[in-house]
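The values are calculated or read from the model by the stated rules, or taken from the named source; none is laboratory data. Computed from a predicted structure; not experimentally measured. Cβ atoms come from the backbone with ideal geometry, glycine included; neighbour counts cover every protein chain shown. These area figures cover heavy atoms from the full protein model, side chains too; ligands, DNA and RNA do not enter into them. Shrake-Rupley method; radii C 1.70, N 1.55, O 1.52, S 1.80 Å.
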Number of protein chains: 2
Amino acid sequence: MDVSRPAGAWCQERLRRSHSTSGWDIPDNAMNSSEARSWDSLRENRSRRLERAASAGIGREVPCDRIIELLEAVMQPGDRVCIEGNNQKQADFLAESLAACDPARLHDLSLVQSVLALPSHLDLFERGLASRLDFSFSGPQGARLARLVNEKRIRIGAIHTYLELYGRYFLDLTPNVALIAAQAVDARGNLYLGPNAEETPTIVEATAFKAGVVIAQVNERRETLPRVDVPADWVDFTVRAPRPNFIEPLFTRDPAQITEVQVLMAMMAIKGIYAEYGVTRLNHGIGFDTAAIELLLPTYAAELGLKGRICTHWALNPHPTLIPAIESGFVHSIHSFGSEVGMEAYVAARPDVFFTGPDGSMRSNRAFCQTAGLYACDMFIGSTLQMDLAGNSSTATLGRITGFGGAPNMGSDPHGRRHASPAWLKAGREAGGANATRGRKLVVQMVETFREHMAPVFVEELDAWKLQKAMGAELPPIMIHGDDVSHVVTEEGIANLLLCRTPEEREQAIRGVAGYTPAGMARDKAAVENLRDRGVIRRVEDLGIDPRDATRDLLAARSVKDLVRWSGGLYSPPSRFRNW
Amino acid sequence: MDVSRPAGAWCQERLRRSHSTSGWDIPDNAMNSSEARSWDSLRENRSRRLERAASAGIGREVPCDRIIELLEAVMQPGDRVCIEGNNQKQADFLAESLAACDPARLHDLSLVQSVLALPSHLDLFERGLASRLDFSFSGPQGARLARLVNEKRIRIGAIHTYLELYGRYFLDLTPNVALIAAQAVDARGNLYLGPNAEETPTIVEATAFKAGVVIAQVNERRETLPRVDVPADWVDFTVRAPRPNFIEPLFTRDPAQITEVQVLMAMMAIKGIYAEYGVTRLNHGIGFDTAAIELLLPTYAAELGLKGRICTHWALNPHPTLIPAIESGFVHSIHSFGSEVGMEAYVAARPDVFFTGPDGSMRSNRAFCQTAGLYACDMFIGSTLQMDLAGNSSTATLGRITGFGGAPNMGSDPHGRRHASPAWLKAGREAGGANATRGRKLVVQMVETFREHMAPVFVEELDAWKLQKAMGAELPPIMIHGDDVSHVVTEEGIANLLLCRTPEEREQAIRGVAGYTPAGMARDKAAVENLRDRGVIRRVEDLGIDPRDATRDLLAARSVKDLVRWSGGLYSPPSRFRNW
């Protein structure tokens, strides 16, 4: 039917009666038209998908060897598909099965998923099944992704930050089909997700309640579950995968690899930022820089009398390097995006600290943890590969489209925040002066001036600008914008960008801690000294830190084995991290 | 045990050995200490709470007349408590029961809940059971809340925007006890929430997975449920309330009360903003101004050829005034924070548009809808009671502490957003010039220059500043900050603040549409004319709109009865809105 009829009718009416006061009458066919029009096309379409599976004799419990049949039966060309790919947990069996489907039957699929980490994800594009991608993070596949984009075989809708993509799941990127991973399913079809709940509940809710199809790969079938994470009536099909879903230990850093430069930077961050602002609620990005801070809490920070005054509440994956701080009583609470391989038993044994279920295992939730990271944390501290002189940073470098994960979300100042905290208020006063009507989030970028292969971190122009052209994107893929960054920490000192009053000051503040990089060498020495006099730039000595104290002795753990000891044997590191 | 011992040991070591290279050894008692220390005090505490209920002979299914006994058994002085109070659904029976508990047994409770809408919520403070409040919205109780704050009987932690408070549930404001409302419980204890799921899943997840106690009031007990919204093992106790939980029809506006000035403003907004930016993804605040826009979509907007080009994807409660636009095919998708009284059958009959469950009823979710409103919407348009000349606005006026609900979240520019849309890019170019590295959210404030009792909306100073002193708050309770506002729409015209280059220009742009308010009369006429020449200010005639066309004839529905007709009889308005 012509749904524009009421308006059309109104226009004709209006032309005929010009400005009569009788007004426009609801056409008598208003009711009829709503009867005539189909309002449940999505459900009818869903029914047809399920009927195709049923007529192929496939029920709710799908035999492993019929999964491709199922996918080809319930999926359609042009479908919007989420193949659950988290930071850790991967629906790898379903991803490989989909990649093995017939491109003649399934094509022009649009992937809407946070992480593109498996080769099979990119096989979908190379084999001609999928053509469009909306995502957040690609990690190890970044180089291959860049190549496929250059070859015009992938059209990237956009790179999102996690929470942004989840928001779109409920607005304009709702999946037609969700392929998810669970630990176990019970006889009724309820799912248990184990410690890596991550984003499964979010994906399933968006898909199941907009007439989508939800297919779960499970590691085991059980009569009863330790707890129910996803109710049975939200899930259409379950298949027991031939092997447990892959989980990547992405958040484990070996203390043995932490350098004394990193120890020095960690001391500067703790004394110059954590202590000065009294940062109690925070998130740490992953990397050796922040791992060093975590390992200095029970030693250096405790000596400074900071226990209970900093780092009490965290939005964080269970980092093994945080074990000594937890055991030393620094940490009150941690809510996690996901879990970490080897930390299961330790987390389960520390329920006062972590969010765990009645069964004892952790319930992580990336959507809620990102929400806490955005609105409830006073500080985000992370690292980057490149930073320009406006403070814009990006991990997207030429030939690699890695995405940003949660960094843009947690590394931005949330203008909607209304609750105050000492750290937030102090940062707000520094940024806005005495008349500030709101506080500021602390967004700290911690980098050594040169990264591997002596590539300078500080550059006149980010690769992101060239990458934008290669991607044909509307904007350069900047991870964190300079105007959101509050501090830059390098081995040369701390630059407090909140205190900079002009773009020129900001540029010199950044050059002033850029060391011997070309950008650092090009500093205006007088301007930098002036910024130092004003406390915008602070050197190690300005912070009252003796560089000779910056030894690995300060690390509460200097090896993975030390972490195991700290955990009382509860932490069980993956074999690749065991050298004993 | 002394959890600081490792660090302490390290300090002594260090003093003794100064800068030896042997480093600091993990004290041999590291393992012992972790064994010695209790890590499950929260669970032990929870067990004691449940034991007290059990020893009183109260099981999972609580008789109505023993609810006070249960509350006094499982709750403790100083508890952090969330009494589910949504915009609509209220755990009213549990709230009244708690307010009837003995202040000698339960006191110093800290309320952490989004909405404080019931008299019983404030009775908790007057009767001495509760002393501290962290919330988002108080609505009808705003005046009484202000009085209790003045009397120092309530200490307000902070006023939050919804998503911000949810974030804190997982970081530093996790409830010890959650009192929630559900439609039905089955024999196993699973909950069905009906169309008003709202924030129940968020509250329960935060509480249940940090060893808290969850008590649900239900309207009915059923053998089986239409669908499961909350799994049984997340809930400790259920009580069948003597009457169904109260639901407030907060989002219903009677078209009969829409004035022709509001019709004119709606025409200006549609032609001058919606059409120019091509706004497809949006949220509407509640009020007659935005109701007028909703009712002009099938008529005026359709005549302008905007169907399919604006207002296709919504984060919105089911506003009855949106029915004609939905029936006319304007709307593709709506995800809702909560439901609306009387809209249940209509929503259930339009599954292509709304998110509904297998049972046909809506599944709303305030946390996810606010996330979509923050990160996936290109525009937020709402109203306010006061706006100053920097564009700061607030609904908090003297003697009333109402809170802001979702406005600060959706009415702010999310710096973490990375995906582009035409509307967002155009706004970004206007705000940042050609070199903008990101877009901008459209945040539109739509007000008549005078509100009821001829109180001017535009003021030199917000009441919020006086209110701050009265509340003893760190910052004035500003709802939306001026630097987040992109447009101000009044009956006098549209001011585009994105195009203002200085605070002075912004002030004159606002004065320039402030009409005959004192702030408007004090405008610099030359400056305002210059802004109009630059298109920063646009009058009705600049938009090519004939004010004579602004009649109620343009409204697709001019009464609640019209809305019922548009809905094909599916919309069933509450009696207070029926005059036939």
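Tabulated results
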quantity: Residues satisfying the stated conditions in segment A:451-462, i.e. open to solvent by less than 30 Å² (accessible area, probe 1.4 Å) and within 14 Å of chain B (Cβ to nearest Cβ); calculated: A:Leu462
quantity: Lone qualifier among B:Val347, B:Val353 - being more than 10 Å from every other protein chain (Cβ to nearest Cβ), under 24 Å from the mean Cα position of the chain (by Cα) and either open to solvent by 10 Å² or more (accessible area, probe 1.4 Å) or β-branched (Val, Ile, Thr) (or both); calculated: B:Val347
quantity: Leading residue by the ranking (farthest from the other protein chains (Cβ to nearest Cβ)) among those in segment B:169-185 that are open to solvent by 10 Å² or more (accessible area, probe 1.4 Å) and in contact with a Ser or Thr (Cβ under 8 Å, 6 or more places away or on another chain); calculated: B:Asn176
quantity: Criterion violated by B:Asn219 - all others in (1) crowded, with 24+ Cβ neighbours inside 10 Å; (2) more than 11 Å from chain A (Cβ to nearest Cβ) satisfied; calculated: (1)
quantity: Yes/no for B:Val235 being open to solvent by less than 20 Å² (accessible area, probe 1.4 Å), more than 20 Å from B:Asn317 (Cβ to Cβ) and in contact with a Gly (Cβ under 8 Å, 6 or more places away or on another chain); calculated: yes
quantity: From the options B:Gln141, B:Gln76, residue that is at pLDDT below 95 and outside any strand (DSSP E or B); calculated: B:Gln141
quantity: Options B:Asp2, B:Asp40; residue that is modelled with pLDDT of 50 or more, within 30 Å of A:Asp562 (Cα to Cα) and at the interface with another protein chain (Cβ under 10 Å from one of its Cβ atoms); calculated: B:Asp40
quantity: Whichever residue in segment A:464-483 is assigned to a loop (DSSP other than H, G, I, E, B) and open to solvent by 50 Å² or more (accessible area, probe 1.4 Å) and, among such residues, is farthest from A:Lys525 (Cα to Cα); calculated: A:Gly472
quantity: Residue within segment A:117-133 that is of a type in the set (Phe, Trp, Tyr) and open to solvent by 10 Å² or more (accessible area, probe 1.4 Å) present; calculated: no
quantity: Considering residues of segment A:155-168 that are of a type in the set (A, V, I, L, M) and either more than 7 Å from every other protein chain (Cβ to nearest Cβ) or not in a helix (DSSP H, G or I) (or both) only, the residue farthest from A:Glu474 (Cα to Cα); calculated: A:Leu165
quantity: Qualifying residue in segment A:427-434 (condition: outside any loop (DSSP other than H, G, I, E, B), in contact with a Pro (Cβ under 8 Å, 6 or more places away or on another chain), surrounded by fewer than 23 Cβ atoms within 10 Å (Cβ to Cβ) and more than 11 Å from chain B (Cβ to nearest Cβ)); calculated: no
quantity: Residues (within 18 Å of the chain's Cα centre (by Cα) and within 26 Å of A:Trp314 (Cα to Cα)) located in segment B:171-197; calculated: B:Leu173
quantity: Residue count for segment B:484-510, restricted to those that are open to solvent by less than 10 Å² (accessible area, probe 1.4 Å), in contact with a Ser or Thr (Cβ under 8 Å, 6 or more places away or on another chain) and closer than 23 Å to B:Thr259 by Cβ; calculated: 1
quantity: Residue in segment A:405-418 that is more than 26 Å from A:Leu163 (Cα to Cα), at pLDDT 95 or above and of a type outside the set (Phe, Trp, Tyr) present; calculated: no
quantity: Single condition B:Arg418 does not satisfy, out of (1) part of a loop (DSSP other than H, G, I, E, B); (2) surrounded by fewer than 21 Cβ atoms within 10 Å (Cβ to Cβ); calculated: (2)
quantity: Members of segment A:522-565 that are of a type in the set (Gly, Ala, Ser), touching a residue at least 60 places away in the same chain (Cβ under 8 Å) and more than 9 Å from chain B (Cβ to nearest Cβ); calculated: A:Gly544, A:Ala550, A:Ser559
quantity: Candidate set: segment A:519-536, residues that are of a type in the set (A, V, I, L, M, F, W, C) and open to solvent by 70 Å² or more (accessible area, probe 1.4 Å); chosen: the one nearest to the chain's Cα centre (by Cα); calculated: A:Met521
quantity: Number of the condition not met by A:Thr312 [criteria: (1) over 18 Å from A:Gln88 (Cα atoms); (2) crowded, with 24+ Cβ neighbours inside 10 Å; (3) β-branched (Val, Ile, Thr)]; calculated: (2)
quantity: So A:Gly391, is it away from chain B (no Cβ under 11 Å), assigned to a loop (DSSP other than H, G, I, E, B) and either within 21 Å of B:Thr371 (Cβ to Cβ) or over 15 Å from the mean Cα position of the chain (by Cα) (or both); calculated: yes
quantity: Residue among A:Ala206, A:Ala184 that alone is assigned to a strand (DSSP E or B) and in contact (Cβ under 8 Å) with a residue 24 or more places away in the chain; calculated: A:Ala184
quantity: A:Asp378 being open to solvent by 10 Å² or more (accessible area, probe 1.4 Å), of a type in the set (D, E, K, R) and more than 7 Å from chain B (Cβ to nearest Cβ); calculated: no
quantity: Condition check for A:Glu303: open to solvent by 10 Å² or more (accessible area, probe 1.4 Å) and more than 19 Å from A:Thr490 (Cβ to Cβ); calculated: yes
quantity: Test set (1) within 24 Å of A:Ala197 (Cα to Cα); (2) more than 10 Å from chain A (Cβ to nearest Cβ); (3) more than 18 Å from the chain's Cα centre (by Cα) - B:Leu148 fails condition number; calculated: (1)
quantity: So A:Thr207, is it within 12 Å of chain B (Cβ to nearest Cβ) and out of contact with any helix residue (DSSP H, G or I) (no Cβ under 7 Å at 6 or more places or on another chain); calculated: yes
quantity: Residue match in segment B:98-110 (condition: surrounded by fewer than 17 Cβ atoms within 10 Å (Cβ to Cβ), in contact (Cβ under 8 Å) with a residue 24 or more places away in the chain and within 14 Å of another protein chain (Cβ to nearest Cβ)); calculated: no
quantity: Where B:Tyr516 falls short, out of the listed (1) within 14 Å of another protein chain (Cβ to nearest Cβ); (2) surrounded by fewer than 18 Cβ atoms within 10 Å (Cβ to Cβ); calculated: (1)
quantity: Out of A:Arg155, A:Arg144, A:Arg188, sole residue that is basic (Lys, Arg), touching a strand residue (DSSP E or B) at 6+ places or on another chain (Cβ under 6 Å) and open to solvent by 10 Å² or more (accessible area, probe 1.4 Å); calculated: A:Arg155
quantity: Residue in segment B:348-365 that is in a helix (DSSP H, G or I) and either touching a strand residue (DSSP E or B) at 6+ places or on another chain (Cβ under 6 Å) or over 30 Å from B:Met471 (Cβ atoms) (or both) present; calculated: yes
